[in-house]
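A quick write-up on the structure given underneath.
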Amino acid sequence: MKTRLSEVQTFLDRTPFARFLGMRCEMKDGELIATLPFQDKFLGNVAINALHGGCTGAFLELTAIAGVFLESEMKQPPKPINITVDYLRSAKGEDLYARAIVHKLGQRMASVRAEAWQGDDPTKTVTALQAHFLVSDAG
Amino acid sequence: MSTGESQNEMLLEVMQAHASRIMESVPWAQALGLRLTRLEKGRAFAKVAWREDFVGDPDTGVIHGGVLTALLDNLCGVCINTALTRPKSMATLDLRIDYMRPAEKGRDILAEAECYHITRNVAFTHAWAYHESRDKVIATAAGTFALNDISRWASGNAAMEMASKLLGGQS
């Protein structure tokens, strides 16, 4: 798992958009935790200091991709088929954390949920994403 | 013409006159270079140029879905205001994106959004992203938004706050 995690990080490091976001991944108690260190450019509403929904969504999509990558032997990143993002609370202008739960990893499709939170309470989900990916390397 | 219709036309005119400022006060839209290209009643059009740092698959140069999420989410939000009689501040409740085909490397992405139903508290939208026309879409979106009074919940958008004042809003 450890070497696979380093492959996930290598993939994120060589993915321009993941670098643009500045996200990173680490294992905590056997679980993949993604972190998005706050930057001013992530804001969508300056007046209420809220992150842009598109930024939170992008981070969760990358977290879901990292989650599938970690549990598979894929060489190429999984291709997204669709995503549904549920905005449960206003995401504040501070660091964002996320975990991915791979519900199903089949031969061709994967169904993944990713949840984001802020501060030290992972159960207080700020934004949740449900995604389907195409996972066959044959495309 | 009813008061509502003339107020909507006034709001639309203010938004059209200050279209560039609507995206300017949204940092993430600025960071991605989202540009509004046209506003009509209940519809908004935008453009984003391909950039190296948007790439989600380094082997193919295909743009990451997150860029489309931001583009379509933001545009859905904007198109709601073009259908209102008074600007409102809004928060995305949920957004569904279907990825039909990858965006081509090096090409601009165009998008349009349509607000097809509004209630007192919620607005329903659809959006499309493509290179040339809606006949060949890259992605489609369905978004629902919670509407809030600007007077109680700041929109964070200078252009919309100004429109609200011009139209005699309580902000």
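The values are calculated or read from the model by the stated rules, or taken from the named source; none is laboratory data. The model shown is predicted, which means the values in this text are computed figures rather than measured ones. Here the Cβ positions follow ideal geometry from the backbone for every residue, glycine too, while neighbour counts run over all protein chains shown.
Can you go through A:Phe38, A:Phe59 and tell me which one is buried (at least 21 other Cβ atoms within 10 Å of the Cβ) and hydrophobic (A, V, I, L, M, F, W, C)? Going through A:Phe38, A:Phe59 in turn, just one is buried (at least 21 other Cβ atoms within 10 Å of the Cβ) and hydrophobic (A, V, I, L, M, F, W, C): A:Phe59. Scanning segment A:1-30 for residues that are in a strand (DSSP E or B), within 13 Å of the chain's Cα centre (by Cα) and surrounded by fewer than 21 Cβ atoms within 10 Å (Cβ to Cβ) yields A:Arg24, A:Glu26. Based on this model, can you work out whether B:Ile109 counts as out of contact with any Lys or Arg (no Cβ under 6 Å at 6 or more places or on another chain), surrounded by 21 or more Cβ atoms within 10 Å (Cβ to Cβ) and of a type outside the set (D, E, K, R)? Criteria met by B:Ile109. Evaluation of A:Leu43 against the conditions (1) modelled with pLDDT of 95 or more; (2) over 30 Å from B:Ser155 (Cα atoms) shows that the sole unmet condition is (2). Return yes when B:Thr85 is more than 10 Å from every other protein chain (Cβ to nearest Cβ), out of contact with any helix residue (DSSP H, G or I) (no Cβ under 6 Å at 6 or more places or on another chain), over 25 Å from A:Leu12 (Cα atoms) and among the hydroxyl-bearing types (Ser, Thr, Tyr) and no when it is not. Against the criterion (more than 10 Å from every other protein chain (Cβ to nearest Cβ), out of contact with any helix residue (DSSP H, G or I) (no Cβ under 6 Å at 6 or more places or on another chain), over 25 Å from A:Leu12 (Cα atoms) and among the hydroxyl-bearing types (Ser, Thr, Tyr)), B:Thr85 does not qualify.
Of the strands (runs of 3 or more DSSP E) contained entirely in segment A:51-139, those carrying at least 2 residues that are among the small types (Gly, Ala, Ser) and either without any contact (Cβ under 8 Å) to a residue 60 or more places away in the chain or over 18 Å from A:Ala18 (Cβ atoms) (or both) fall at A:109-117.
Taken over segment A:35-50, the criterion of being within 19 Å of B:Asp53 (Cβ to Cβ), touching a residue at least 40 places away in the same chain (Cβ under 8 Å) and outside any helix (DSSP H, G or I) is satisfied by A:Leu36, A:Pro37, A:Phe38, A:Leu43.
Is segment B:84-94 home to any residue that is on the phi > 0 side of the Ramachandran plot, modelled with pLDDT under 95 and surrounded by fewer than 24 Cβ atoms within 10 Å (Cβ to Cβ)? No, segment B:84-94 contains no residue that is on the phi > 0 side of the Ramachandran plot, modelled with pLDDT under 95 and surrounded by fewer than 24 Cβ atoms within 10 Å (Cβ to Cβ).
Within segment B:73-115, the residues that satisfy the criterion of being assigned to a strand (DSSP E or B) and of a type outside the set (A, V, I, L, M, F, W, C) are B:Lys88, B:Ser89, B:Thr92, B:Asp94, B:Arg96, B:Asp98, B:Tyr99, B:Glu112, B:Glu114.
Only helices (runs of 4 or more DSSP H) whose full extent lies in segment B:1-72 are considered here, and the ones with at least 2 residues that are more than 8 Å from chain A (Cβ to nearest Cβ) and over 30 Å from A:Lys75 (Cβ atoms) are B:3-17, B:19-24. Screening A:Ile83 on (1) more than 11 Å from chain B (Cβ to nearest Cβ); (2) surrounded by 16 or more Cβ atoms within 10 Å (Cβ to Cβ) shows it passes everything except condition (1).
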